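J.: Take a look at this one; I'll ask things after.
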Amino acid sequence: MRRALLAITGLAAGTTAMVVLKGSPGTSPVAHDLPAAPPPVVPAPAGPTPTGGEVSAAPSPSRTGASPRPDRTATRPPASRPSATTRAPSAPRTTTKPPPAPTTRTVTGPVVENEYGNVQVQITLRGTRIVDVVALELPEETAQSDQRSEQVDGRYSGTSGLVVQRQSADVDTVSGATATSTSYRQSLQAAIDRAN
């Protein structure tokens, strides 16, 4: 009877030590790192058992691979995983594709006649921006009209001409080539209007 009382007392002391060492949620982490007291050994009662054998000591917990510290996972709440039916919808996927490159297109203005000949202009646009201007027709009847046409073409046409710089048909008249300049602007404005 005395041995049984000692065994119960030892078991109670061991359980109390484990509870104290595990600590409550407000205890410092230092208490968690202390080694647990070894489990008490319960002495076997002496004497024969009804089957004729001796009673062996109470089996001690297995120590193979066990840590001397108490098991902390038992006090942690299980990780909550959302079920498939209660999972919040994920944010829509956004792709970071670059914006599409603006399309390049050409628009041709009408042929505009004047006393020196015909003028026709073609513009190239990338998106809504004029990037190039070409004179398809200019007066070349005489040396003088050819010279004036070259002046107008050199000033207005090309990727760096006044039309591309100003992005409109509102360009100054070339001195000495008023008729050709006016016809050029008329064909150009018609091409811009068709592009819009």
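J.: On the basis of being touching a strand residue (DSSP E or B) at 6+ places or on another chain (Cβ under 6 Å) and either surrounded by 15 or more Cβ atoms within 10 Å (Cβ to Cβ) or modelled with pLDDT of 95 or more (or both), does residue 171 make the cut? Reasoning before the result, please.
T.: Numbers: touching a strand residue (DSSP E or B) at 6+ places or on another chain (Cβ under 6 Å): no; either surrounded by 15 or more Cβ atoms within 10 Å (Cβ to Cβ) or modelled with pLDDT of 95 or more (or both): yes.
No; evaluated as a whole, the condition is false for this residue.
J.: Please enumerate the residues belonging to the stretch 111-161 that are aliphatic (A, V, I, L, M), closer than 19 Å to residue 186 by Cβ and not in a loop (DSSP other than H, G, I, E, B).
T.: Here is the first cut: in the stretch 111-161, the ones aliphatic (A, V, I, L, M) are 111-112, 119, 121, 123, 125, 130-131, 133-136, 138, 143, 152.
This time we only want the ones that are closer than 19 Å to residue 186 by Cβ, so: 111-112, 119, 121, 123, 125, 130, 133-136, 138, 152.
Listed by number, the residues that qualify are 112, 119, 121, 123, 125, 130, 133, 134, 135, 136, 152.
The values are calculated or read from the model by the stated rules, or taken from the named source; none is laboratory data. As the structure is a prediction and not an experimental result, all values here were calculated from the model. No Cβ is skipped: glycine too gets one built from the backbone with ideal geometry, and neighbour counts run over all protein chains shown.
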